[in-house]
Each structure stands twice: as structure tokens, then as C-alpha cells.
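Read the structure below first, then the notes.
The values are calculated or read from the model by the stated rules, or taken from the named source; none is laboratory data. Just so we're clear, the structure is a prediction, and the values are computed from it rather than from any experiment. With ideal geometry, Cβ positions are generated from the backbone for all residues, glycine too; neighbour counts draw on all protein chains shown. Side chains included, ligands, DNA and RNA excluded: accessible areas come from the protein's heavy atoms. Shrake-Rupley method; radii C 1.70, N 1.55, O 1.52, S 1.80 Å.
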Amino acid sequence: MTLHHFVLILHLLAATIWVGGHLFLAVCFLPAALKKKDPHIILNFEKKFETLGMSSLVVLIVTGIWMAYDFGVTYETWFSFSGGFEKVVSIKLILLFCTFFCAVCAQFYVIPNLTPNNIKRMAVIILSVTSIGVTMLVLGSTLRYGGI
């Protein structure tokens, strides 16, 4: 097994946790929270998932950048959109920034003021981050064929 393959396995395991956790939240917990208008259902999940989820996100960022460099997509070519790999890496970086934006909004604006009356704001963030994660997963799968 090469070092690149090992890094890919770490990346895939972290993606499984990150995307799987958000899918689980969006499919299993969010509908119940919306139906009951109970933000604690979401907050309890987030509390239990946060350490593992954030650790997985850090692993995704580190291994993603590592593999981008392995593919010759260095800092200088980020956002150049010049080839298949550059397009995928650039779009995934943009989506990472969108995820960060969602996290900042959730942590500083939505969660501190979360009530049964505004639980839909949290639902929008959850569905956004979940959709972004699935999109990043699909984009990553295209690298096997040279990107997009």
C-alpha cells in the first residue's frame, strides 16, 4: 500500500463519518425535531456528534490538501479551474468555505437563539451542510476518472 492510498483511506473514513453523520441527522433526527418543534432533539445530536464530526472534518481538510498536492494541484493552481483535478479541488474548497460559513452562522446566530418558533432556520443549515457534504463526496468520486 502506498502512502497516497493510506491517506485516501483516511479521507474516505473521515468522509463517511462527516457525511454519514449529517445524513443521519437530516433523515432521522431533523424530521422529528421539526414535527415536535423541539430544538433539543437537534442540540442533543449535535452535542454527541460534534467532537467526532469536527475531528473528521479536520482529517478531511488535511488529507484532501495532501492528496491535491499528490495530484499536482498545489496552492498556486487552486481556483485556476484549468484541468479536471483543479476544477474538483477548487469547487471542493469553495464548498468547504460554504460549510464554514454555515457553521459560523449556526454557532453565533442560530443556536444561541434557537427556539421552537425558529427551528426551521437550523433545518436550513442542516440541510445545506448535508447537501454540501454529499456534493463534495460526489465530486471526489470523479477524481478516479480525471475530475470534471
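Observations on the model:
- Here the accessible area is traced with a 1.4 Å probe on the protein chains. For the chain, carbon and sulfur cover 71 percent of it.
- For the chain, the Cβ-based charge dipole about the Cα centre amounts to some 580 debye (Lys, Arg positive; Asp, Glu negative; other atoms uncharged).
- Charge sum, other residues only, whose C-beta stays under 14 Å from F45's C-beta, Lys/Arg counted +1 and Asp/Glu -1: 0
- Listed by chain and number, the aspartates and glutamates whose alpha-carbon sits under 17 Å from that of K92, ignoring those within fewer than 8 places in the same chain, are D70, E76.
- Region 75-83 - phi-based ³J(HN,Hα) in whole Hz, Karplus 6.51/-1.76/1.60, Gly and Pro as x: 3, 5, 9, 4, 6, 7, 6, 7, x
- For region 65-74, backbone phi angles converted through the Karplus equation (6.51, -1.76, 1.60; θ = phi - 60°) give residue-by-residue couplings of 5, 4, 5, 4, 5, 4, 8, x, 9, 8 Hz, Gly and Pro being listed as x.
- Computed from Cα positions, the angle between helix 119-141 and the longest principal axis of the chain comes to roughly 20 degrees.
- Partners for K36 among lysines (Cα-Cα distance below 18 Å; same-chain residues under 8 apart left out): K120
- Where only C-alpha atoms are counted, convex hull volume of the chain per residue in Å³: 107 Å³
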